[in-house]
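This report refers to the structure that appears directly beneath it.
Bear in mind that the values in this text are calculations on the coordinates, not laboratory data. All values reported here derive from a predicted model rather than from experimental measurement. In this analysis, Cβ positions are derived from the backbone assuming ideal geometry, glycine residues included, and neighbour counts consider all displayed protein chains.
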Amino acid sequence: MRRDIFQAIADPTRRAIIALIATQAMTPNAIAEHFDMSRQAVSKHLGILAECEMVRQEPQGREIYYTLQIDKMKEIDRWLSRYRQLWEARFDELDKVLLTMKKRKK
């Protein structure tokens, strides 16, 4: 069963892992050093991220490095873009209301 990409970002620990590996590949041990949990718990989160195709495993010698699949972030951005347009329209309306209120005070 392939997990949904939104399951990957639903958990704060997985979001923190994504942020950690966004700029450089890291081993599970290096990632685990940033959390107050066992390496096994971090590995479970990495497994979910891998199932969601958010990370790629790259073996280098005896180590496995995890890298972020940045293209998967585009899927999230596309979903959010609909709501971004709605937010921007509402902020524009709020700006108009605030300008009207400011003019009335003068």
Conditions (1) surrounded by 10 or more Cβ atoms within 10 Å (Cβ to Cβ); (2) of a type in the set (S, T, N, Q); (3) assigned to a loop (DSSP other than H, G, I, E, B): number failed by T23: (1)
Sole residue being under 30 Å from A30 (Cβ atoms), of a type in the set (D, E, K, R) and in a helix (DSSP H, G or I), chosen from E75, E88, E93, E53: E75
Scan of segment 13-45 for residues that are closer than 24 Å to K74 by Cα and acidic (D, E), ordered by number: none
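Limited to segment 4-20, what total is found for residues that are part of a helix (DSSP H, G or I) and in contact (Cβ under 8 Å) with a residue 12 or more places away in the chain?
From segment 4-20, those part of a helix (DSSP H, G or I) are 5-10, 12-20; that's our starting set.
Checking which are in contact (Cβ under 8 Å) with a residue 12 or more places away in the chain leaves us with 5-9, 13-14, 16-18, 20.
Number of matching residues: 11.
Which members of segment 26-35 meet the condition of being touching a helix residue (DSSP H, G or I) at 6+ places or on another chain (Cβ under 8 Å), part of a helix (DSSP H, G or I), among the hydrophobic types (A, V, I, L, M, F, W, C) and within 16 Å of E58 (Cβ to Cβ)?
Applying the first criterion (touching a helix residue (DSSP H, G or I) at 6+ places or on another chain (Cβ under 8 Å)) to segment 26-35 yields 26, 28-29, 31-32, 34-35.
Now narrow it down to the ones that are part of a helix (DSSP H, G or I): 28-29, 31-32.
Still in the list and also among the hydrophobic types (A, V, I, L, M, F, W, C): 31-32.
Result: I31, single match.
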Checklist (1) exposed (fewer than 13 other Cβ atoms within 10 Å of the Cβ); (2) farther than 14 Å from R14 by Cα; (3) not basic (K, R) applied to M37, failing item: (2)
